[in-house]
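What follows is a single structure, written as structure tokens, with notes after it.
The values are calculated or read from the model by the stated rules, or taken from the named source; none is laboratory data. All of these numbers come straight from a predicted model, not from anything done at the bench. Every residue, glycine as well, gets a Cβ built from its backbone with ideal geometry; the counts of neighbours run over all protein chains shown.
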Amino acid sequence: MTNQTAAGNTPVVDGTGVRFTLFHDTRGPVVVEIARSTLRRIFQARSDAPDDLLDAYVNHQARIHQVATVKVPSDGMLLLSDGDFASNPPNPSHS
């Protein structure tokens, strides 16, 4: 088993953050949500406005997906928060 993931649908902003789907080759679809507060603190979203949250997600999508891929749960749901990115913060010039 290769433990590979692929991005799914278009990200969606809801009341608590940005949700997106990753398709895991052995576990199926995983709904991932990155907390609004994490997008603000870690990825410098300018505000809680949906466009600003999506901009932060898109600008750091590779890093967010990298962390989500490592943390893929067995139940199909994953919430990413500040602590998930603390050991390796994003590099603004290489996100």
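Points worth noting:
- Residues that are of a type outside the set (Gly, Ala, Ser), more than 11 Å from the chain's Cα centre (by Cα) and assigned to a loop (DSSP other than H, G, I, E, B) were ranked within the range 20-49; the one that is surrounded by the most Cβ atoms within 10 Å (Cβ to Cβ) is Ile42.
- Residue list for the range 1-19, restricted to those being modelled with pLDDT of 60 or more and loosely packed, with under 11 Cβ neighbours inside 10 Å: Thr10, Gly15
- For Leu54: the one exception among (1) out of contact with any Pro (no Cβ under 9 Å at 6 or more places or on another chain); (2) within 14 Å of Glu33 (Cβ to Cβ); (3) at pLDDT 95 or above: (1)
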